[in-house]
Number of protein chains: 2
Amino acid sequence: MEIIKDLRVMQARSGFLRQEGKAIGFVPTMGYLHEGHLTLLRRAREENDIVVLSIFVNPAQFGAGEDYEKYPRDTEGDLAKASEAGTDIAFLPEVAEMYPAGYATYVNVEGLTEKLCGRSRPGHFRGVTTVVLKLFNLVQPHRAYFGEKDYQQLVVIKKMVSDLNLDLQIIGCPTVRESDGLAMSSRNAYLSPQERLSALCLSRSLAKAEELIRGGEKSPQSIINEISKVIEKEPGAKIDYVAVCHPETLGDLESIDSQALIALAVKIGPARLLDNRLVKVNN
Amino acid sequence: MEIIKDLRVMQARSGFLRQEGKAIGFVPTMGYLHEGHLTLLRRAREENDIVVLSIFVNPAQFGAGEDYEKYPRDTEGDLAKASEAGTDIAFLPEVAEMYPAGYATYVNVEGLTEKLCGRSRPGHFRGVTTVVLKLFNLVQPHRAYFGEKDYQQLVVIKKMVSDLNLDLQIIGCPTVRESDGLAMSSRNAYLSPQERLSALCLSRSLAKAEELIRGGEKSPQSIINEISKVIEKEPGAKIDYVAVCHPETLGDLESIDSQALIALAVKIGPARLLDNRLVKVNN
């Protein structure tokens, strides 16, 4: 596995690979790789000639008072895991190269980014789309892979790619979970053993919601209430949002008729955790 | 010369040409081609294997009450001139394809776009950078050519390209003028014969300013006053702005010591006209 830190070297390498007709699969990450990331890398490995992983903790997507400084980092461990998963190139840009003094250009997807996580993290998605576009321009992939755990991020990036006419395919991959149901996240590292147990309320409440919908419940408000009840029982859990929305527009549903994305963000101790479930119902 | 209207066809064609190792030169325009545009096309012809011209009157860069509807159009004439200048592909996208229903993604270069024309045309440069990025993604040029008449636009686009790590070269080309000094612009078509004469005050005031600076004048305010005097003498001329600024940051200069961009926007009857002059002085 090759390690590239220099932006121009990365871009030149990708240009050369494309010229040679190689298909480039790309997995952008903030590092501290877990099985979710590795699943993306393995999928990219299957579908492309060259697999590029990027590790970049992107300051532009963290708000003031958020966890940019303490976000977990383990480059050495990451590189070992990435290599094992079949990565060809690990791209590790530096903050000062990605955002040199005087940096001023931002990409924003309006509407979609103001909902759900966008409400409690203003500017977050602007930081995400900007860095992802920069990484796409540097890595020039044919396919890029994102986890469905960050469902809104996936929807926003798909919209950016479509709106800006980028010539690449965005592939969403199912959330990978611990055996007890907790969605894998680098931020799970923040949890104490007690909080780790409390965190199960996210996936448990979503399972309950799906059960209710399959039992005929059509009211988003009833679902939100039931989810909230499950989470509020958990000591130390604080709901950021619970939403029942359209999986593409992320707009609130008035009634659950064909499909619904149930998405939630919950603070468990120091960690703000996300989970979601896409439920399709037959009428 | 080939005419392409379909976005996917354009993108596929460019992808194929790049794969073949062809260098693509690109001249994005809003049509109604004049000698300024043709000079860009001829330069692109000299420096590339393939020359792509786009003609797209971009609604996103016009504000409410501006001249989007009445902006001059002459596709047939444009295609004849473009072909004559050596264009290989004329790309004519449709508004409904470029901005389909639900379009939501915009690129903004902060700071630079709030000065000069940005002050009187809020949102204008956001529309420019967004459409230019989209066109770059569709045409995938190695080099793109812009006139220095729209100096701020050129600076803003260079900044976007650098910040977003786009793998292409932006080439600014000197303003082409009528024999009496008027900078060529599609909007000159709005001028009556009397206004056409009045419009000479732009280039005349800039010549005066350069003369003063070469004579030792270092005060931006004095230069602005002298330019204003020349323009205000002209009946029907209304100054939007006169600025003496740094040619890269576009920030106001406190003193003219090495180089200065003198830029102005003046309303002459129905036309808002731009002109500028970059003056370098030896100390």
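Go through B:ARG272, B:ARG177 for me and flag whichever is farther than 24 Å from B:LEU112 by Cβ, under 22 Å from the mean Cα position of the chain (by Cα) and either of a type in the set (Asp, Glu) or at pLDDT 95 or above (or both).
Details: B:ARG272 fails: farther than 24 Å from B:LEU112 by Cβ.
Only one candidate qualifies: B:ARG177.
Please pick out the residue among B:PRO93, B:PRO141, B:PRO122, B:PRO72 that is open to solvent by 50 Å² or more (accessible area, probe 1.4 Å) and either in contact with a Pro (Cβ under 6 Å, 6 or more places away or on another chain) or part of a loop (DSSP other than H, G, I, E, B) (or both).
On the way: B:PRO93 fails: open to solvent by 50 Å² or more (accessible area, probe 1.4 Å); B:PRO141 fails: open to solvent by 50 Å² or more (accessible area, probe 1.4 Å); B:PRO72 fails: open to solvent by 50 Å² or more (accessible area, probe 1.4 Å).
Checking each option against the conditions leaves just B:PRO122.
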(message) Could you check region B:129-148 and list, in sequence order, the residues that are more than 8 Å from chain A (Cβ to nearest Cβ) and of a type in the set (A, V, I, L, M, F, W, C)?
(response) B:VAL131, B:VAL132, B:LEU135, B:PHE136, B:VAL139, B:ALA144, B:PHE146
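Of everything in region B:79-90, what is among the small types (Gly, Ala, Ser) and surrounded by 19 or more Cβ atoms within 10 Å (Cβ to Cβ)? Give them in sequence order.
To start, the set of residues in region B:79-90 that are among the small types (Gly, Ala, Ser) comprises B:80, B:82-83, B:85-86, B:90.
The answer is B:ALA82, B:ALA85, B:ALA90.
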(request) Take B:LEU261 and decide whether it is open to solvent by 10 Å² or more (accessible area, probe 1.4 Å), assigned by TED's automatic domain parsing to the domain that holds B:SER219 and farther than 23 Å from B:ALA189 by Cβ. (result) no
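Quick check: is even one residue across region A:42-51 within 25 Å of B:GLY15 (Cβ to Cβ), within 14 Å of chain B (Cβ to nearest Cβ) and touching an Asp or Glu at 6+ places or on another chain (Cβ under 7 Å)? Full working, then the answer.
First, the residues of region A:42-51 that are within 25 Å of B:GLY15 (Cβ to Cβ): A:43-51.
Applying the additional criterion that residues be within 14 Å of chain B (Cβ to nearest Cβ) yields none.
For region A:42-51, residues within 25 Å of B:GLY15 (Cβ to Cβ), within 14 Å of chain B (Cβ to nearest Cβ) and touching an Asp or Glu at 6+ places or on another chain (Cβ under 7 Å): absent.
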(request) Given the conditions (1) open to solvent by less than 10 Å² (accessible area, probe 1.4 Å); (2) within 14 Å of another protein chain (Cβ to nearest Cβ); (3) acidic (Asp, Glu), report the number of the one that B:GLU110 does not fulfil. (result) (1)
(request) Name the helices (runs of 4 or more DSSP H) wholly inside region B:149-242 in which the number of residues that are within 14 Å of chain A (Cβ to nearest Cβ), open to solvent by 60 Å² or more (accessible area, probe 1.4 Å) and touching a residue at least 12 places away in the same chain (Cβ under 8 Å) is 1 or more. (result) B:151-163
(request) Pairs only if they're at least six apart or on different chains, beta carbon under 7 angstrom, first in region B:117-130 and touching a residue at least 40 places away in the same chain (Cβ under 8 Å), second open to solvent by 30 Å² or more (accessible area, probe 1.4 Å) and in a helix (DSSP H, G or I); list them, first residue then second. (result) B:GLY127/B:ALA60; B:VAL128/B:GLN153; B:THR130/B:ALA60
(request) Look at region A:36-69 and say how many of its residues are open to solvent by 70 Å² or more (accessible area, probe 1.4 Å) and either in contact (Cβ under 8 Å) with a residue 60 or more places away in the chain or part of a strand (DSSP E or B) (or both). (result) 1
(message) If B:MET10 satisfies all but one of (1) over 20 Å from the mean Cα position of the chain (by Cα); (2) at negative phi; (3) more than 14 Å from chain A (Cβ to nearest Cβ), what's the number of the condition it fails?
(response) (3)
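The values are calculated or read from the model by the stated rules, or taken from the named source; none is laboratory data. Every value quoted in this text rests on a predicted model; they were computed, and no experiment measured them. Quick reminder, even Gly has a Cβ in these numbers, built from the backbone with ideal geometry, and neighbours come from all protein chains shown. We work out accessible area using only protein heavy atoms, side chains counted, and drop any ligands, DNA or RNA first. Shrake-Rupley method; radii C 1.70, N 1.55, O 1.52, S 1.80 Å.
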